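Q: What follows is a structure written as structure tokens; I'll ask about it next.
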Amino acid sequence: MSQRILVFEKDSAFAEQLSAGFGQVGASVSVVADGKAGIAEAEASPPTLILLAIELDGMNGFLVCKKIKKDPTLAEIPLVILSSDANADEIFEQHKKLRTRADEYVKKPVSFDALFDICARLVPLDAGGEPLEEEVEAFTDDAFDSLLLEEEPAEPAPAPEPAGEFEDLLDSLEEDLGPEPEPEPIEIAAEPEPEPEPVVVEPEPTPEPVMAALTAPVVDTAAVEAAEARARDAEERASDAEGRIREAEARAEALQTRLSGLEGELATAQSQANEAAVLKTEVAALREQASKSGGVSSRDYLDLREALNSKDKELLGLRDQITSKERQLLDLNDKSLATERKVADYEDKVLGLEREKVRATEEITALRADKEAAAKRSEDQKARIERAEATASKLEGDLEAAQAKAAQDLTEAREASASALASLTESKDAEFAMLRATSAAQLEEAKNEAAAALEALRSEHTAASEALQANHDEALRSAQAAHDSAMSEAAAAAAAAASAAEAAANEARESALATLRGELETAMEQQAAAAAAELEARVASEQEAGQSAKQAALAAAEAEHSKQLALVGRKLADTESKLAEANTKGTELSARIAELEESLASVNARLAGTEAERDQLTAELATRTAERDELDAQVAAHVSSIAALETQKADAEANIATLTAEKAQLTERLERANAKIETDEQLLERARRAMAIGLGLLEDQKNNAIAAE
């Protein structure tokens with residue numbers, strides 16, 4: 001029964017290729033480009049297989065699949081979805097989770113052979129069985145027709161039973177042989193590929209402040225060492241996988257050699273089967289000869305029986321050989337399965353290596369990002385250092401300029417202050433010297449004048465005193481003379497008064513003397529007092545006049561001196577003012593100098609801090625540079641290891657592809673060998689049955705001939 005295939009495809013070239021390909025195996029192909037029309041045709045005449053392209057006119061292929069799978073009359077029909085979308089694999093994975101999923105999914109472009117193999121797993125498609133079946137049927141019909149058309153013997157009574165049995169046997173043989181089933185391809189149960197582990201991408205760390213980044217380590221050394229260890233393990237596993245792949249290649253070559261030997265043995269069996277066919281031809285010729293001669297001699301029958309027995313032995317030997325070959329083929333299939341399992345294991349290992357490569361690549365990417373971040377931080381640090389150095393240089397220049405200006409201002413101020421102070425001191429000293437000289441001269445002149453006036457007063461006082469003394473002495477002398485005269489007069493009176501009045505006279509004399517003396521003393525005292533008073537008055541007046549003159553001179557001198565002192569004071573005040581201004585300016589300059597010195601100290605401190613920071617940044621820059629160089633070396637090592645792993649992976653993939661191709665070839669050859677062995681066995685079995693039937697008929701004919709004789 002031919003298979004009917006309904007193809008939903010709008011690509012006419014691909015549809016014609018499918019029609020031609022499936023038509024060669026006896027399948028009828030119906031092609032539609034519209035989804036609705038295809039559903040209507042499937043409902044009207046359900047096909048054996050549906051090939052459904054997603055890209056259709058009028059209706060999407062997934063919607064067509066949903067409608068077909070929900071239709072009870074069409075749900076059990078095998079359905080293969082085809083798509084040329086770039087993301088077809090992801091779309092297929094999503095669609096496989098639905099209840100209305102397809103039986104198989106194929107991504108286009110696809111070769112007809114690959115699509116035929118997929119379809120052959122869903123429905124029986126005989127690519128080359130019918131011609132062989134027809135050949136066997138033709139051979140059997142020809143062999144037995146020649147036997148059945150043989151003339152009956154004279155006594156037909158026992159003949160119908162063998163003929164009827166022979167017809168029944170032929171019917172049963174035809175039923176047993178029937179349409180030869182297609183040899184099922186050997187399916188190799190490959191181990192399911194392990195799901196790829198999800199690649200965990202760590203969130204990029206938030207960039208820290210620059211100063212914090214300067215002190216923090218750029219990368220984790222343990223992570224780098226772990227990545228290197230994983231890379232080394234991956235390299236070792238890749239080397240092991242490569243060695244095992246070489247072993248698998250050697251085993252595949254050995255299997256291929258054994259398969260070649262088996263094919264040679266199968267060729268031998270085929271030649272023996274051909275000999276059996278020749279024997280059948282000889283049996284047919286003998287039968288014709290017997291039919292023509294009316295019987296078969298015992299010798300010919302025995303020869304034929306002996307030949308049949310020998311052929312039976314050969315057939316049994318061939319059967320044993322075929323059985324052993326089948327065992328060997330089964331062993332080879334087992335070994336092929338083991339090889340495929342190993343290849344699958346190697347593919348898993350290669351997949352693991354690829355995952356490790358991806359992890360290593362991610363780690364290298366992270367390390368490169370860290371390196372770039374470190375380089376960026378290094379550049380920032382360099383820029384900061386350059387800016388700090390520029391600022392320090394500028395500050396140093398400003399400081400040097402300020403120091404030079406301050407030193408110049410201080411020098412100028414000191415020079416101006418020194419010159420002003422020197423000039424003021426000189427002028428003041430000159431003025432003081434002049435004032436001292438003037439004052440000394442005036443004072444000396446005043447002293448001389450006062451001394452002269454005092455000397456004149458003293459001389460006048462002396463002269464007045466001498467004159468007064470002379471007057472006093474003259475008065476004393478006149479008084480003494482008057483006294484002497486009075487005394488003489490008194491003596492004369494006394495002498496005249498005699499002695500009687502001597503006592504009275506003495507007393508009177510004494511009293512008069514006393515009175516006189518008193519009066520004299522009083523007069524003398526009065527005169528002396530008057531003279532002294534006059535002298536004192538004169539001296540006082542002279543002294544007052546001298547003092548007034550002196551005082552006037554002194555006042556004039558003092559006034560002049562005061563003027564001079566006022567002038568000197570004004571000059572001194574001006575000088576002091578200038579000196580105060582100079583002192584103020586010096587104080588300001590000192591304050592400015594102190595400020596400049598303080599600023600200089602601050603700038604020096606900042607410069608020292610900047611230099612310390614520059615040294616620290618330089619040290620950190622050297623450390624970062626060393627770390628960057630180390631990271632560069634590590635990245636280069638990882639890149640080289642990744643390149644080596646990629647090379648090994650490419651070699652492994654090439655070896656795996658070669659092994660897969662060889663495996664496919666071996667599998668195909670094994671399938672062809674199995675099909676050929678099975679076909680040869682069926683042919684041999686049919687030939688054996690035909691020979692047995694022919695021998696039975698010959699024996700019956702012989703018995704009938706003997707009975708007729």
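Q: Mind listing whichever residues of region 1-17 are more than 53 Å from the chain's Cα centre (by Cα) and not polar (S, T, N, Q)?
A: Of region 1-17, the ones more than 53 Å from the chain's Cα centre (by Cα) are 1-7, 16-17.
Across region 1-17, the qualifying residues are 1, 4, 5, 6, 7, 16.
Okay, residues lined up against (1) surrounded by fewer than 17 Cβ atoms within 10 Å (Cβ to Cβ); (2) under 19 Å from residue 100 (Cα atoms):
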{"position": "10", "(1), (2)": "yes, no"}
{"position": "24", "(1), (2)": "yes, no"}
{"position": "27", "(1), (2)": "no, no"}
{"position": "35", "(1), (2)": "no, yes"}
{"position": "41", "(1), (2)": "yes, no"}
{"position": "50", "(1), (2)": "no, yes"}
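Q: Tell me which residues, restricted to region 89-103, are farther than 23 Å from residue 44 by Cβ and surrounded by 15 or more Cβ atoms within 10 Å (Cβ to Cβ). Quick ask: steps written out before the conclusion?
A: Within region 89-103, the subset farther than 23 Å from residue 44 by Cβ is 89-99, 101.
Residues satisfying the conditions are 91, 92, 95, 101.
Q: Looking at (1) at pLDDT below 90; (2) under 21 Å from residue 13 (Cβ atoms), which is the one condition that is false for residue 107?
A: (1)
Q: So which residues in region 647-679 are among the aliphatic types (A, V, I, L, M) and touching a residue at least 12 places away in the same chain (Cβ under 8 Å)?
A: Initially, region 647-679 is screened for residues among the aliphatic types (A, V, I, L, M), giving 650, 652, 654, 656-657, 659, 661, 664, 666, 670, 673, 675, 677.
Matches in region 647-679: 652, 656, 659, 666, 670, 673, 675, 677.
Q: Could you give every pair whose Cβ atoms fall below 6 Å, whose first residue belongs to region 375-397 and is under 16 Å from residue 616 (Cβ atoms), and whose second residue is charged (D, E, K, R), counting only separations of at least 6 or pairs across chains?
A: 378/624; 385/614; 388/614
Q: If only one of 610, 587 is surrounded by fewer than 16 Cβ atoms within 10 Å (Cβ to Cβ) and either more than 23 Å from residue 435 (Cβ to Cβ) or of a type outside the set (Val, Ile, Thr) (or both), which one is it?
A: Details: 610 fails: surrounded by fewer than 16 Cβ atoms within 10 Å (Cβ to Cβ).
Just one listed residue meets the conditions, 587.
Q: Kindly check whether there is at least one residue in region 47-54 that is more than 56 Å from the chain's Cα centre (by Cα), within 13 Å of residue 119 (Cα to Cα) and not basic (Lys, Arg). Don't jump to the end; show me each part of the working.
A: Just the residues of region 47-54 that are more than 56 Å from the chain's Cα centre (by Cα), to begin with: 47-48.
Subset that is within 13 Å of residue 119 (Cα to Cα): 48.
Checking which are not basic (Lys, Arg) leaves us with 48.
Yes.
Q: If you scan region 71-114, which residues turn out to be farther than 22 Å from residue 125 by Cα and either in contact (Cβ under 8 Å) with a residue 40 or more places away in the chain or of a type in the set (Gly, Ala, Ser) (or both)?
A: Answer for region 71-114, where residues must be farther than 22 Å from residue 125 by Cα and either in contact (Cβ under 8 Å) with a residue 40 or more places away in the chain or of a type in the set (Gly, Ala, Ser) (or both): 83, 84, 86, 88.
Q: In region 68-89, what residues are of a type outside the set (Val, Ile, Thr) and within 16 Å of residue 55 (Cα to Cα)? Step through it out loud before you land on a result.
A: Here is the first cut: in region 68-89, the ones of a type outside the set (Val, Ile, Thr) are 69-72, 74-76, 78-79, 82-89.
Listed by number, the residues that qualify are 79, 82, 83, 84, 85, 86, 87, 88, 89.
Q: Sticking with this one: So, of the residues in region 656-709 that are among the acidic types (Asp, Glu) and under 24 Å from residue 265 (Cβ atoms), which turns out to be surrounded by the fewest Cβ atoms within 10 Å (Cβ to Cβ)? Working first, answer last.
A: Filtering region 656-709 down to residues among the acidic types (Asp, Glu) leaves 662, 668, 671, 678, 680-681, 685, 699-700, 709.
So of that shortlist, the ones also under 24 Å from residue 265 (Cβ atoms) come out as 662, 668, 671, 678, 680-681, 685.
Details: 662: 18, 668: 12, 671: 14, 678: 15, 680: 19, 681: 18, 685: 15.
Step by step, filter region 656-709, then rank; the result is 668.
Q: Which members of region 75-105 meet the condition of being over 41 Å from the mean Cα position of the chain (by Cα) and hydrophobic (A, V, I, L, M, F, W, C)? Walk me through how you get there before you give the answer.
A: Of all residues in region 75-105, those over 41 Å from the mean Cα position of the chain (by Cα) come to 75-82, 98-105.
Once the filter is applied, which keeps residues that are over 41 Å from the mean Cα position of the chain (by Cα) and hydrophobic (A, V, I, L, M, F, W, C), region 75-105 yields 75, 77, 79, 80, 81, 82, 98, 102.
Q: On the given criteria, is residue 636 among the hydrophobic types (A, V, I, L, M, F, W, C) and under 30 Å from residue 393 (Cβ atoms)? Before the answer, list the steps.
A: Working: among the hydrophobic types (A, V, I, L, M, F, W, C): yes; under 30 Å from residue 393 (Cβ atoms): no.
So residue 636 does not fit the description; no.
Table: residues versus (1) assigned to a helix (DSSP H, G or I); (2) among the charged types (D, E, K, R); (3) in contact (Cβ under 8 Å) with a residue 60 or more places away in the chain.
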residue: 615; (1), (2), (3): yes, yes, no
residue: 619; (1), (2), (3): yes, no, no
residue: 624; (1), (2), (3): yes, yes, yes
residue: 627; (1), (2), (3): yes, yes, yes
residue: 630; (1), (2), (3): yes, yes, no
residue: 633; (1), (2), (3): yes, no, no
residue: 639; (1), (2), (3): yes, no, yes
residue: 645; (1), (2), (3): yes, no, yes
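Q: Of the residues 689, 672, only one is assigned to a helix (DSSP H, G or I), within 60 Å of the chain's Cα centre (by Cα) and either basic (Lys, Arg) or farther than 23 Å from residue 329 by Cβ (or both); which?
A: Values: 689 fails: within 60 Å of the chain's Cα centre (by Cα).
That would be 672, the only listed residue that is assigned to a helix (DSSP H, G or I), within 60 Å of the chain's Cα centre (by Cα) and either basic (Lys, Arg) or farther than 23 Å from residue 329 by Cβ (or both).
Q: Quick check on my filter: what residues within region 52-88 are touching a strand residue (DSSP E or B) at 6+ places or on another chain (Cβ under 6 Å) and surrounded by fewer than 16 Cβ atoms within 10 Å (Cβ to Cβ)?
A: 57, 58, listed by residue number.
Q: If you check residue 323 against the conditions, is it over 30 Å from residue 262 (Cβ atoms), surrounded by fewer than 20 Cβ atoms within 10 Å (Cβ to Cβ) and among the β-branched types (Val, Ile, Thr)? Talk me through it step by step, then tell me what you get.
A: Working: over 30 Å from residue 262 (Cβ atoms): no; surrounded by fewer than 20 Cβ atoms within 10 Å (Cβ to Cβ): yes; among the β-branched types (Val, Ile, Thr): yes.
It is false that residue 323 is over 30 Å from residue 262 (Cβ atoms), surrounded by fewer than 20 Cβ atoms within 10 Å (Cβ to Cβ) and among the β-branched types (Val, Ile, Thr).
Q: Moving on to the next point. If I filter region 10-30 for residues that are touching a Ser or Thr at 6+ places or on another chain (Cβ under 8 Å) and farther than 17 Å from residue 78 by Cα, do I get at least one hit?
A: yes
The values are calculated or read from the model by the stated rules, or taken from the named source; none is laboratory data. Treat the numbers as computed from the prediction; the structure is a model and nothing was measured. As a convention, Cβ positions derive from the backbone with ideal geometry for all residues, glycine included, and neighbour counts pool all protein chains shown.
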